[in-house]
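Peer 1: Here you go, one structure.
Any read-out appearing in this document is the output of simple, stated calculations on the displayed coordinates, not a laboratory observation. Just so it is clear, the structure is predicted and the values come from calculations on it, not from any experiment. All Cβ positions, glycine included, derive from the backbone under ideal geometry; neighbour counts span all protein chains shown.
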């Protein structure tokens, strides 16, 4: 897989997680643990994107 397409896929996943975090924060039935887990996943993707862009 080319680097640019891999980065684009990571960005797409990051955006999807952003939407999920927003929805989870608006939903009263979502636990803090679930929101924290989504945010951690999002952060890991962001760090991977940054690492690949600076390489």
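Peer 1: Return the residue satisfying two criteria in turn: it lies in the stretch 2-15 and is in contact with a helix residue (DSSP H, G or I) (Cβ under 9 Å, 6 or more places away or on another chain) and surrounded by 11 or more Cβ atoms within 10 Å (Cβ to Cβ), and of such residues it is nearest to residue 52 (Cα to Cα).
Peer 2: Looking at residues that are in contact with a helix residue (DSSP H, G or I) (Cβ under 9 Å, 6 or more places away or on another chain) and surrounded by 11 or more Cβ atoms within 10 Å (Cβ to Cβ), I get 7.
Peer 1: In the chain, how many are under 12 Å from the mean Cα position of the chain (by Cα) and touching a residue at least 40 places away in the same chain (Cβ under 8 Å)?
Peer 2: Here the count works out to 2.
Peer 1: Could you list, in sequence order, all residues of the stretch 20-35 that are part of a helix (DSSP H, G or I) and surrounded by 11 or more Cβ atoms within 10 Å (Cβ to Cβ)?
Peer 2: Those that are part of a helix (DSSP H, G or I) and surrounded by 11 or more Cβ atoms within 10 Å (Cβ to Cβ): 20, 21, 22, 23, 24, 25, 34, 35.
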